[in-house]
Amino acid sequence: MCSAIAEKIIHRKIWLSMTDEMARESWGIPDDVNRSVDSWGVHEQWVYEGANFNNTYLYFENGILTSYQD
């Protein structure tokens, strides 16, 4: 892992195109995961609740963060 990515994870940042593994390292295990599978692949919505996260939703397509909502 390059040092720039490690710095982002240490500082609990998220960014588009990060992997689900990086997000878990940065923010920990989500409070809830909504998952669907279709012909295009695996789609997941990760829900982070509470004061630290302000009810943030992360959206992954095949393990890659494609969008988020806070």
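The values are calculated or read from the model by the stated rules, or taken from the named source; none is laboratory data. Values in this document were obtained by computation on a predicted structure and should not be read as measured data. Cβ atoms come from the backbone with ideal geometry, glycine included; neighbour counts cover every protein chain shown. Surface accessibility is based on the protein's heavy atoms, side chains included, excluding ligands, DNA and RNA. Shrake-Rupley method; radii C 1.70, N 1.55, O 1.52, S 1.80 Å.
List of remarks:
- Shown for the chain: the carbon plus sulfur share of the solvent-accessible area, taken with all protein chains present and a 1.4 angstrom probe, equals 49%.
- In order along region 53-70, the phi-based Karplus estimate (6.51 cos²θ - 1.76 cosθ + 1.60, θ = phi - 60°) of 3J(HN,Hα) comes to 10, 6, 6, 8, 10, 10, 10, 10, 10, 6, x, 10, 5, 10, 6, 8, 9, 10 Hz; Gly and Pro are listed as x.
- Dipole magnitude of the chain about its Cα centre (Cβ charges: Lys, Arg +1; Asp, Glu -1), debye to nearest 20: 220 debye
- Distances between placed amide hydrogens fall under 5 Å for PHE53 paired with no residue 5 or more residues away or on another chain.
- Shown here for the chain: chymotrypsin sites (Phe, Trp or Tyr not before Pro) in loop regions (DSSP other than H, G, I, E, B) with at most 13 other Cβ atoms within 10 Å, namely TRP15, TRP40.
- Options MET18, GLY50, PRO30, ranked by Cα towards positive dipole end of the chain, top entry (Cβ charges): MET18
- Annotation: per residue accessible area for the chain equals 68 Å², rounded to a whole number [probe 1.4 Å, protein chains only].
- When you work out D = kT/(6 pi eta Rh) for the chain at 20 °C and 1.002 mPa s, using the Kirkwood radius from C-alpha pairs as Rh and the Stokes-Einstein form, the result is 173 µm²/s.
- GLN69 versus SER36: modelled label distance in nm, points set 7 Å from Cα along the beta carbon direction: 1.2 nm
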